[in-house]
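What follows is a single structure, written as structure tokens, with notes after it.
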Amino acid sequence: MKLLVSFFVCYLLVFTGWAQRLQRYQHETFAQIDSVINVGYGEALNIKGEKEKLLLDVYSPHGDTLRKRPLVVFVHGGGFTGGDKKVGYPLLFSYGLARRGYVCGSINYRLGVEEPKSEKSYFEAMYRAVQDTKAAIRFFRKNAAQYGIDTTQIYLMGGSAGAMTALHAAYLDEKEVPAYVNTERWGMLEGNSGNAGYSSKVKAIINCWGAMIDYRWIQKGDIPNFNVHGVADKLVPSDSSLSYNGFKYGSQVVFEHSLALGIPTGIRLYENTGHTLDNDKTKQTQALEEAGYWLASQLKGKLNVTRFEKEILAFEEADKTEAYSKNAILVTGSSFVRLWKNIKQDLAPHEIIHRGFGGSTVAEMAYYIPQILGKHQPKAVVIYTGSNDIADSPLDKTPLQILETYKVVVKNIRAKLPNAAIYWIAISPNERRWAVQDKILEANALFKKYCESTPNLHYIETMPQLLGKDGKYQPELYIGDKLHFNEKGYEIWKNVIGGVLNRDFGKK
């Protein structure tokens, strides 16, 4: 018992330490920043055949006492023909990241698209930018002590052409480089721009209004990504509806493909908004808030979406012997559903397929929902998830990020069950996560609005029944972990959820 208590105390100390450190990365905590301008990080041959000196600016939090900080290398946009590291949104993002406690290295790289302009010449322009970006990453690893950088926490971020560069620096492998690239002239993918002998690997990337030549270059096990895009972007596609000189797979495609592969990912889309978020500083600042929050969650590590693989395989084994009619209702979700042992009796006479797993997240639901559905053809799918995405944890996502991931869950269900009714159960309040109750309420409001505006999508409200007259959680509804329901809690779910199903499908 003493050993268990000691372990729990140590866990709390470590968790609390991480929570305090995350505050500096999730929000601006430094009023001032320091900067070092026009630092040479290498040189390389440009399209004029001249050796070009490559420069970067370094921004860091003023008065910071940490000796090793995470680094974000930022790559500006400009269509590979213009742009600069120290104007517009590159400066906005660089300052914002430094005020959050990061070191930010904003780089210039070789510009120019050779004539005649074509998809080939644009690819080679991006190729040179990738080489320079890799050299900049190597530069910071080489000089980590000078700039106070944690070499295990290096990230890459870019906007527009810079985002295209970041995406391909992260996901394009040497063997995937098209044969038409003049490697004799430009060298191999790693490039010769400087700082040889150091790794150019990064831990994750942030793509702001960029696109890829081929999204299939993102493969299982690759690094995480976060994506920001205006849905009405007419220059670089947010989806795959147009092409920017061969760059035709935008943020939505990158996001959904990554989800399907189990790669940690996120997205922030802006409706009725164009390229660079219309250069709207308010929207760009909001985008930085979302990206910064996601980036902070990557500092601790990444979630292994296959951690509940055994439970999913158990569902597949059960499907071999269990038979359900097309009149069944599939109920799936996280541990709240998994622990609902009396669900079939509580929701009788409805025929229930019980498929709760782990303490799963919305991303895990998006990844596994095709397997969970299997060959079943239920008339409805009821989902409870999201409570582990807002858990007062270093891995938390914002409500908007959770909503965008849930939309992919819905899309995956619709691909197999185009006419099934889909129900989202509101995220429940509890004592253990009361500190993030405001975010839970925000998420529930977003889901309710989404359900109400989407055909055959329904929101099941449970919050009023689970809160007391004082507007707080009711301890008597939960077991000793102060998180999961006891019989009284499930009795409320039984009445509310069962009532909705009886209303919509009749009580037989």
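The values are calculated or read from the model by the stated rules, or taken from the named source; none is laboratory data. No experiment lies behind these values; they were computed from the predicted model shown. Glycine gets a Cβ as well: all are built from the backbone with ideal geometry, and neighbour counts include every protein chain shown. When the accessible area is computed, the model is the full protein with side chains, heavy atoms only, and any ligands, DNA or RNA have been set aside. Shrake-Rupley method; radii C 1.70, N 1.55, O 1.52, S 1.80 Å.
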Using only Cα positions of the range 327-474, each an equal point scatterer, no hydration layer, compute I(q)/I(0) via Debye at q = 0.18 Å⁻¹ and quote the log10 values to two decimals. -1.09
Spin-label pair T321/K300, simplified geometry with 7 Å Cα→Cβ offset, distance in nm: 3.8
Which peptide among 63-76, 273-286, 153-166, 352-365 comes first, and what is the full order, when sorted by highest mean count of other Cβ atoms within 10 Å? 153-166, 352-365, 63-76, 273-286
Hey, can you rank 78-85, 403-410 by average C-beta count inside 10 Å, highest first? 403-410, 78-85
Paired Rg and Dmax values of the range 306-398, which use every Cα atom, in angstrom: 13.4, 42
Cross-link pairs beyond the 20 Å C-alpha cut-off, checked among K53/K86; K341/K449; K68/K439; K341/K488; K379/K411: K341/K449; K68/K439
At 1.4 Å probe size, with every protein chain present, just tell me what the per residue accessible area of the range 137-257 comes to in Å². 37
Solvent-accessible heavy-atom area per residue, rounded to whole Å², over the range 331-475 at 1.4 Å: 36
Dividing the mean separation of Cα pairs under 8 Å (6+ apart) by the residue count of the range 440-508 yields a relative contact order in percent of 21
In the chain, if the dipole is taken from +1 on Lys/Arg beta carbons and -1 on Asp/Glu beta carbons about the Cα centre, which of I223, A211, T273 is farthest to the positive end? I223
Need the list of lysines near K310 for cross-linking: C-alpha distance under 17 angstrom, and skip anything on the same chain fewer than eight residues off. K320
Carbon and sulfur together cover what percent of the accessible area of the chain at a 1.4 Å probe radius? 53
Leaving out same-chain residues fewer than 8 places away, which aspartates and glutamates sit with a Cα under 14 Å from that of K220? D173, E256
Rounded, prolate or oblate for the range 428-508? Axes are the square roots of the Cα gyration tensor eigenvalues, ordered a ≥ b ≥ c, and the cut-off for rounded is a/c under 1.5. oblate
With +1 on the Cβ of every Lys and Arg and -1 on the Cβ of every Asp and Glu, and nothing else charged, how large is the dipole of the chain about its Cα centre, in debye rounded to the nearest 20? 680
Whole-Å distance, taken between Cα centres, linking the range 75-143 and the range 241-271: 20
So, by mean Cβ neighbours within 10 angstrom, what's the order for 177-183, 215-221 with the highest one leading? 215-221, 177-183
Under a crude label model (7 Å from the Cα following the beta-carbon direction), how far is K117 from E487 in nanometres? 7.3
